[in-house]
Amino acid sequence: MPSLSLALKPRLKQVGSDVSASIVVFLVALPLCLGVAMASDAPLFSGLLAGIVGGIVVGTISGSHTSVAGPAAGLVAVVATQIASLGSFEAFLLAVLIAGALQVALGVIRAGSIADFIPSSVIKGLLAAIGLILILKQIPHLFGHDSDPPGEMSYHQPDGSSTFSELTQIVSDLHWGAALVGIMSLGFLLLWNASARLRSSPVPAPLLVVLLAVAAGFVFEAINAGERWQIGPTHLVDVPVAHSLAGMRHLLRCPDLSQFTNPAVYSAGVILALVASLETLLNLEAVDKLDVYRRVSPPNRELIAQGIGNMTAGLIGALPVTSVIVRSSVNVSSGGKTKLATVLHGTLLLISITFFATWLNLIPLSALAGILIATGIKLASPKLFRQMWDRGLDMFLPFVTTIVMILMTDLLVGVSIGLAINIGFILWSNQKRPLRRVLEKRVGGEVLRIELANQVSFLSRLAISRALDEVPQQGHVMIDATRTDYIDPDVLALIMEYRDETAPARHIKVSTAGLKHHYEYHEDRVEFVDLSSRELQARMTPEQVLDILKAGNHRFVTGRPLIRDVPVARSHTKDGQHPLAVVFSGTSSRTPIEAIFDVGLGDISCVRSTAHWADEAALGSLEYAALRDCVKLIVVMGHSRNEAIEEALNRGQGSRSAQPVYAQYMERILRDVLGTASTDCIERWKSASVEEKQRCLDDVALAHVRTTIRHILQASNALRRRAEDGQLRIAGCMYNVETGVAQFDALK
């Protein structure tokens, strides 16, 4: 039982948090539903119904934990226009029904991924703009200027006045009682949010604000404070009274099904579906960023949920719904953790307009304005502007542009322009660095590789043309598009013209890579055989071969290996091989020789033995490579974290690993390796720390490489004579299994 009680506590705490958040969201949503309906020239009750549908229907189906749906100001202009053009609200409801069906279809075909292509700077600009609009639109109501019901971010009033021009009317229409309640409500919330102890309190601050505001209204009325202080009906919430569930019937409206043959209805449905879907996806992305748990909402499921919600809205006479950032942000900031808060807020709307409308009409609008302004301050905090500035102009400019354009126009236009600015920065960055030129020293000669950017627009055409013009006659250039996702058709035509016409006239060999992968009608070409031949082998010196291996290892470490035509190389090596070097290394699978030195088929040989123990078989293989294959370089390669050396040192201390008993040949190898270790290293091995053991391992590995080189020169007369004649060089290197660096200088 105690364990059950402990398990229930977090769950009960979460439910309590969701319940308190639902109350706050309900209190905020109530006047906003009315305001959107008023701004849309629709029946006021349709806005309340939309809030109920968004909370209960959409909230139940949605996969989002924190998003709250309802009537949105982003649709105000579209809704008002379509109601006017269709001629009746009932015909508009049919368009809403069609829009909902289209949204369900978009969710089924998984079109919700479009939100992933909206950059974070635009999303944050959207949040900040909505915060600023909240502040600007609620300032008049904060001071009692309530000539119009409070709309949710309605960018332009029906009479044509703007958000900013309304602010000038505050002074002439100031209501002292409402203003005092509003200012005290805002101050109370700001002080509450500034205290960490109060923020963690289970009591929601906005709920306290509403209760105190209602109490203040009673006080002003009780003391008969006068018209400028008493908060009358024009400064209070105004909810239509239904008295009962049965009484709601006369407030419901049904779609005009006779308009099914009207093409304008379908056009309106498509517009509503597209605008509502895009606004939902943008808001969903923004709300996920506010979620303290950073949960990711499934966008396709959200489209289906919104579609079913709008089909329901069209059938019962409600405004279209979308995910709404204001209510969602209030939900998060009030402690909402799951979609229980969303569903409960819709249920509270239903209950309140049915049974408690008279009580709700006692809430001052200025108190709700204070709640919304506090929310707006959180969304558009100065800290956010500083963060975006610190991230650079390419983040700050789209962010600010999105804000300004949303304030001046509407949400969709602002987001579109912010997105266009962001795309412009991408194009500009590619123009500044449209390509990367690398002169590669390959086995078969030097090749100039021109690596194209990820996005190659028409702005890159001039830079690519100049780079190709600078290729010397009889040179070799490779145009590398393997890391490119898009090439502008004009640039692609330039490359093809250069490869097929200009380059042959200048005796330039042109190879291409990556074009066939992105453009099937273009064939990739590799105009060289990048492998060792008998002629190349004959004219190379040991030092040149060593330089090739060093350059290859550098490419391996930096993650930029050469592009090779493996089928062609395989064809050229089927009748014989002419390696430039032979690498004598251990048997560790962590040392892939061809990859470490970035060489092709047949360029090097490899002889492996545990701890590169130079027994007769290994010496014979090295002599074969030097005398028969005519290699110019023998590389004895050790590596860090060598397990064979570690085993030898453990056995030198009398301890054995958990491996089976080794046979006589393995015992001999371990004794030989142990002989290269210093006495001091062996004595300190058992009590050494992990770091000291690692240094000791690497020291012994390096000493063993030197010992192996001396043994090869002493044991093989043939190899020693070729080394003395300058036809062969025996070099040692240490390979670091962590960094990938093969260091030849370590043995000097």
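I'm trying to understand the selection: among the residues of the range 439-475, which are of a type in the set (Val, Ile, Thr) and loosely packed, with under 15 Cβ neighbours inside 10 Å?
Within the range 439-475, none qualify.
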Residue hits (the range 476-513; among the charged types (D, E, K, R) and open to solvent by 70 Å² or more (accessible area, probe 1.4 Å)) are Arg483, Asp485, Asp490, Glu497, Asp500, Glu501, Arg506, Lys509
Within the range 600-625, of all residues that are part of a helix (DSSP H, G or I) and touching a helix residue (DSSP H, G or I) at 6+ places or on another chain (Cβ under 9 Å), the one surrounded by the fewest Cβ atoms within 10 Å (Cβ to Cβ) is Glu616
Conditions (1) open to solvent by less than 10 Å² (accessible area, probe 1.4 Å); (2) without any contact (Cβ under 8 Å) to a residue 60 or more places away in the chain; (3) among the aromatic types (Phe, Trp, Tyr) -> Phe597 fails only (2)
Return a yes/no flag: does the range 67-87 have any residue that is closer than 22 Å to Leu349 by Cβ, of a type in the set (S, T, N, Q), assigned to a helix (DSSP H, G or I) and under 36 Å from the mean Cα position of the chain (by Cα). no
For Ala731, the lone unmet condition from (1) open to solvent by less than 60 Å² (accessible area, probe 1.4 Å); (2) within 18 Å of Thr610 (Cα to Cα) is (2)
Only one of Ser195, Ser244, Ser200 is modelled with pLDDT under 85, open to solvent by 80 Å² or more (accessible area, probe 1.4 Å) and among the hydroxyl-bearing types (Ser, Thr, Tyr). Can you tell me which? Ser200
Candidates Thr375, Thr347, filtered to the one that is at pLDDT 90 or above, under 36 Å from the mean Cα position of the chain (by Cα), of a type outside the set (Asp, Glu) and closer than 30 Å to Leu30 by Cβ: Thr347
Say whether the condition of being modelled with pLDDT of 95 or more and open to solvent by 20 Å² or more (accessible area, probe 1.4 Å) is met by at least one residue in the range 73-82. no
Number of the condition not met by Arg706 [criteria: (1) of a type in the set (Lys, Arg); (2) surrounded by fewer than 14 Cβ atoms within 10 Å (Cβ to Cβ); (3) modelled with pLDDT under 90]: (2)
What is the one condition in (1) at pLDDT 95 or above; (2) in a loop (DSSP other than H, G, I, E, B); (3) open to solvent by 30 Å² or more (accessible area, probe 1.4 Å) that Leu319 does not satisfy? (3)
Could you please let me know if Ala723 is modelled with pLDDT of 70 or more, touching a Lys or Arg at 6+ places or on another chain (Cβ under 7 Å) and surrounded by 17 or more Cβ atoms within 10 Å (Cβ to Cβ)? yes
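Out of Asn430, Asn422, report the one residue that is surrounded by 19 or more Cβ atoms within 10 Å (Cβ to Cβ), modelled with pLDDT under 80 and closer than 30 Å to Leu127 by Cα.
Among Asn430, Asn422, only Asn430 is surrounded by 19 or more Cβ atoms within 10 Å (Cβ to Cβ), modelled with pLDDT under 80 and closer than 30 Å to Leu127 by Cα.
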Residues of the range 213-238 satisfying the condition of being open to solvent by 100 Å² or more (accessible area, probe 1.4 Å) and hydrophobic (A, V, I, L, M, F, W, C): Phe218, Ile223
Quick one: what pairs do we get from the range 559-570, first residue at pLDDT 75 or above, second of a type outside the set (Gly, Ala, Ser), C-beta under 8 Å, 6+ apart or different chains? Arg560/Val438; Pro561/Arg555; Pro561/Asp598; Leu562/Glu440; Leu562/Arg442; Leu562/Asp530; Leu562/Arg555; Leu562/Asp598
Look through Asp238, Asp291 and report the one residue that is touching a residue at least 40 places away in the same chain (Cβ under 8 Å), of a type in the set (Asp, Glu) and more than 30 Å from Gln82 (Cβ to Cβ). Asp291
Give the number of residues within the range 99-123 that are part of a helix (DSSP H, G or I) and surrounded by fewer than 24 Cβ atoms within 10 Å (Cβ to Cβ). 16
Looking at (1) modelled with pLDDT of 75 or more; (2) over 36 Å from the mean Cα position of the chain (by Cα); (3) open to solvent by less than 30 Å² (accessible area, probe 1.4 Å); (4) not charged (D, E, K, R), which one does Ala205 not meet, given that it meets all the others? (2)
Which one of these does Thr484 not meet: (1) part of a loop (DSSP other than H, G, I, E, B); (2) under 21 Å from Glu446 (Cα atoms); (3) at pLDDT 80 or above? (2)
Please determine, by comparing only the residues of the range 258-315 that are polar (S, T, N, Q) and more than 24 Å from the chain's Cα centre (by Cα), which one is surrounded by the fewest Cβ atoms within 10 Å (Cβ to Cβ). Thr261
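The values are calculated or read from the model by the stated rules, or taken from the named source; none is laboratory data. Every value quoted in this text rests on a predicted model; they were computed, and no experiment measured them. We place every Cβ from the backbone using ideal geometry, glycine too, and count neighbours over all the protein chains shown. These accessible areas exclude ligands, DNA and RNA; they are computed on the full protein's heavy atoms, side chains included. Shrake-Rupley method; radii C 1.70, N 1.55, O 1.52, S 1.80 Å.
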